[in-house]
1. What does DSSP give for segment 6-207 in terms of the percent of beta bridges that are antiparallel, rounded to the nearest 5?
2. What does the charge dipole of the chain about its Cα centre add up to, to the nearest 20 debye, if the Cβ of each Lys and Arg holds +1 and the Cβ of each Asp and Glu holds -1?
3. Which whole-number percent is the relative contact order of the chain (Cα, under 8 Å, 6+ apart)?
4. Where in the chain are the DSSP H helices whose C-alpha atoms run 30 Å or more along the long axis and whose mean Kyte hydropathy is at least 0.0?
5. What trypsin sites (Lys or Arg not before Pro) in segment 63-112 are in a loop by DSSP, with at most 12 other Cβ atoms within 10 Å of the Cβ?
6. Can you give the extra length, in nm with one decimal, that the chain gains between Ala178 and Glu154 once fully stretched, where that is 0.36 nm per residue apart less the Cα-Cα distance?
7. Taking loop as defined by DSSP and a crowding limit of 16 other beta carbons within 10 Å, which GluC sites (Glu not before Pro) in segment 27-109 fit?
8. Taking square-rooted eigenvalues a ≥ b ≥ c of the alpha carbon gyration tensor, is segment 124-168 rounded, prolate or oblate, where a/c under 1.5 means rounded and, failing that, a/b exceeding b/c means prolate?
Amino acid sequence: MRKLPIVAVFGQGSRIDPVRADLARAVGAMVARLGAHLLTGGGYGVMEAAAEGFVRIADRPGLSIGIVPRRADGPLDQPNRDAEGRPYPNAYVEIAIMTPLPPRAADWRTTPARNHINVFTADAIVALPGGKGTRNELAMAAFYRDEPMRARAERRTVLLGPAEEFAPEYHRLFVHAATVFEAERHLARVLGQRGFSPVTEAARARATP
């Protein structure tokens, strides 16, 4: 049985402009081309657009997975809703993992939340610009995944989008890719280093220096 890697995509969960939506769809399609499962928080904005781009790739081996939190102020079995009242998960999630956890926790070093699952489960991460939730996930990625201790070529978290939309500390901790092509090349190399072999031949070629 071949094990597929899991690539998480993080980013703004509220409505995004068409340019950002196109970028997120391209990221989702890139994850599909790498032969990986896509993992998102199951919501809207970047999460929905990335999942849409992913499922549009018909011959992909991976699945679109959504880690669904409960409403922060609701009962354990009530899925989250976005600011516009739309229920999680979005229509492009193929496997919804329903959790009793809130989206994030202020004291995340001692209190579990949905974002822990996102970070702990992913073999690699692509982060587009976002708000508090995305910043929380990036803080976790730095803290739990020892990214600062890795050589830059081995770091598993890739920032994608306008460089000025990411704080300087994130540029020090992670890898910034100027294009989806650069992100794909880096991820293909990192996943290969981790022992995965599901990437496409095109991605393998792109990962070769």
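Any read-out appearing in this document is the output of simple, stated calculations on the displayed coordinates, not a laboratory observation. All values derive from a computational prediction rather than experimental measurement. Note that we place each Cβ from the backbone using ideal geometry, even for glycine, and neighbour counts take in every protein chain shown.
1. Working: 2 of 22 bridges.
Of all bridge pairs located within segment 6-207, approximately 10 percent are antiparallel.
2. On the way: 28 positive and 22 negative charges, 96 e Å.
The dipole of the chain has a size of about 460 debye.
3. Details: 439 pairs, mean separation 44.3, N = 209.
Reported as a whole number, the value is 21 percent.
4. On the way: long enough: none.
Membrane-span-like by this rule: not one helix.
5. Sparse-neighbourhood loop trypsin sites (Lys or Arg not before Pro): Arg109.
6. Numbers: separation 24, 0.36 × 24 = 8.64 nm, distance 1.74 nm.
Taking Ala178 through Glu154 to full extension adds about 6.9 nm, to one decimal.
7. Values: sites: Glu48, Glu52, Glu84, Glu94; in loops: Glu84, Glu94.
Passing both the DSSP loop test and the Cβ count: Glu84, Glu94.
8. Numbers: a/c = 2.02, a/b = 1.37, b/c = 1.48.
Judged from the Cα gyration tensor, segment 124-168 comes out oblate (a/c at least 1.5, b/c at or above a/b).
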